[in-house]
Every structure is written in C-alpha cells, then in structure tokens.
Amino acid sequence: MKITLVQSDLYWENEEKNLLHFTELISPLKNKTNVIVLPEMFTTGFSMNVGKIVASPTGNAVKWLIQQAKNLNCVICGSIAITENNKYYNRLFWVDPSGAVSTYNKRHLFRMGEEDQYYSAGNAKIIVENNGLKFLPLICYDLRFPVWSRNTLNTHQYEYDILIYVANWPEVRNYPWQQLLIARAIENQCFVVGVNRVGVDGNDINYCGNSMVVNPKGEIITSLPKNEEHVVTVEIDKTNLTDFRKKFPAILDADNFLLKI
C-alpha cells in the first residue's frame with residue numbers, strides 16, 4: 001500500500017488557483033501510488049467566509065477530484081467547504097479511480113475559530129477500503145476526540161487499519177498535533193496519517209505542516225519538513241500490522257461503550 005502525503009501552501013479563498021497548484025503537485029504520481037491525501041479545505045484554506053467559498057457537491061472542485069482519481073489511477077481525498085440543503089459542511093471526499101465518491105462531514109467543529117457558527121456537524125463516520133486495507137478518514141479537530149476514532153472488533157476483524165487526518169492545524173499547537181497523532185496510533189493499533197498545510201492564511205495564522213505517518217507502536221516512520229511544501233509517498237506493509245496485532249492484541253481488553261450522537 002502506497003500513500004502519498006501532499007503538504008502544501010494554500011491560496012486563500014481561491015479555488016481556481018488551488019486546483020491548478022494541486023494539479024501540478026500530483027501530476028507526476030500517475031500509477032505510482034494508491035492513495036493521495038490533501039489537506040483540510042484544500043481549495044480555500046480554513047475560511048468562515050461561507051458566502052464566498054462554499055462549493056456545490058457536484059461543482060468544479062468535486063469534478064476535479066473525480067478527474068484526478070481517474071487520471072492518476074488512485075484514490076484521492078481531502079476536504080472542501082460544501083453547501084447542501086441550505087447548510088454548510090466541512091466535507092471530506094474519498095474518490096476512487098472508478099469515480100465512486102464517499103463523503104464524511106466533519107463531526108467536531110473548531111469553536112475557537114467559530115467553525116461551529118457557520119458549519120453543520122456530521123453524525124456518521126465512513127470506513128473505506130483500498131487494496132485490502134480499511135481506512136477511517138477524519139478532519140483536523142476530530143483528532144482531539146479519541147472516542148470518535150476508537151477502533152473496535154467486528155467478527156474478530158479490526159474496524160479499520162489506517163486512520164487519516166486532513167488538517168489546517170496552526171503551528172502554535174504543533175506539539176499537540178504530533179503527540180495526538182502518536183496517541184491515536186498506539187490506542188487504536190493502526191497506522192495514522194496526518195496531512196497538514198503550510199504557509200500563512202488570510203487570518204495571519206501560520207501553519208508549519210509537520211505532516212507524518214505513525215506506525216501502530218507509536219513510532220514516526222515519516223515526517224515531512226516543517227514550513228515547506230512537500231510531496232512524499234510512503235509504503236505501508238499490511239503484514240507488519242497483522243503480525244503486531246496478533247502479538248499484542250490489547251484491543252481484546254478494551255472497554256465497551258455506547259457513543260451517543
């Protein structure tokens with residue numbers, strides 16, 4: 001399994017420029033990866049200016065995702081500000097080469113940035129599969145809430161194998177970003193992929209990236225350079241994951257709980 005992390009700067013509230021920029025960044029990846037992961041709100045940056053930035057679920061940004069997945073012969077995912085049924089969502093799209101689209105609406109809205117004042121929260125996760133591995137894709141602030149990502153056993157099978165976070169996570173909170181990604185990997189006995197943006201947004205907030213991949217033991221196996229645009233492809237071995245889970249099945253002693261939505 002090859003997963004590509006795209007750590008990029010973003011053009012503030014400018015869908016057209018961002019799509020052109022990402023086209024350039026990912027075009028060399030044709031037939032070279034299985035999954036491409038883009039940052040949160042990759043077409044606009046983390047903006048609350050919903051009247052200007054929100055896109056249609058069938059608009060140019062989603063069409064671009066579908067076309068790129070087909071052209072590059074891989075899955076591509078990232079989140080976009082979407083309007084639907086008179087509501088706004090920070091919505092993650094998971095698009096495979098066939099053009100099939102799965103979506104997840106961000107559950108935990110970042111109240112300190114007033115995201116909860118403009119966007120509506122989602123109430124359901126998605127589990128998607130590629131090349132025999134199961135993925136749980138989530139968005140930024142979701143990282144702080146371990147119950148939402150808690151791995152479970154279903155007929156002796158783990159609910160998922162790889163946990164993805166797409167983010168616009170400010171540099172001022174970079175230490176928690178790193179530590180929480182590590183914690184989510186250890187407690188869920190899974191690989192964790194965190195993809196964050198770089199640069200300064202329209203609110204003068206700085207982002208340093210520090211995108212990374214963490215293995216189930218909590219070891220950082222790939223860390224992208226801070227404050228630089230960077231595209232890196234990481235290979236994940238399912239056999240190593242399966243062997244570790246067999247040797248250390250801590251999930252068998254996990255507490256049962258009921259999550260109220």
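Coordinate-derived values only; no laboratory data. Not measured: the values here are computed from a predicted model. Backbone-built Cβ (ideal geometry, glycine too); neighbour counts: all protein chains shown.
When the chain is treated as a Gaussian network with alpha carbon springs shorter than 10 Å, the biggest mean-square fluctuation among 155, 83, 222 belongs to 155. Amide H to amide H distances under 5 Å link residue 138 with 164, 165, 166, where only residues 5 or more positions off or on other chains count and H is placed in the peptide plane. Above 35 angstrom, tally the Cα pairs of the chain and express them as a % of all pairs, no decimals. In whole percent, the long-distance tail amounts to 9.
By the rule of a C-alpha distance below 20 Å, with chain neighbours fewer than 8 residues away ignored, the aspartates and glutamates paired with residue 246 are 159, 161, 187, 219, 237, 255. Beyond 19 Å in Cα-Cα separation lie the following of the pairs 70/134; 2/226; 30/106; 17/63; 125/217; 32/70: 70/134; 2/226; 30/106; 125/217.
When every alpha-carbon pair in the stretch 1-145 is counted, what percent end up more than 21 Å apart? Could you put the intermediate results ahead of the total?
Values: 4068 of 10440 pairs.
Across the stretch 1-145, Cα pairs with separations above 21 Å total 39 percent.
Taking each DSSP H run with n ≥ 4 as -39500 (n - 2.57) and averaging over every residue of the chain yields -6500 deg cm²/dmol at 222 nm.
A protection proxy built from the mean count of other Cβ atoms within 10 Å ranks the segments 123-133, 160-170, most packed first, as 160-170, 123-133. With a sphere of radius 13 Å drawn around the Cβ of residue 120, what net charge do the other residues whose Cβ falls strictly inside it have (Lys, Arg +1; Asp, Glu -1)? So the environment of residue 120 carries a net charge of +1. FRET efficiency for the pair residue 71 and residue 256, taken as 1/(1 + (r/R0)^6) with r the Cβ-Cβ distance and R0 = 51 Å, rounds to 0.70.
Once the other residues with Cβ under 14 Å from the Cβ of residue 53 are scored (Lys, Arg +1; Asp, Glu -1), what is the net sum? Spell out each step's value before the answer.
Details: positive: 17, 52, 91; negative: 13, 15, 16, 40, 115, 201.
Combined, the nearby Lys, Arg, Asp and Glu give -3.
Working from Cα pairs under 8 Å separated by at least six residues, relative contact order for the stretch 130-178 is 46 percent. Using Cα centres only, tell me the gap between the stretch 218-240 and the stretch 118-143 in whole Å. Here the two parts' Cα centres lie 20 Å apart.
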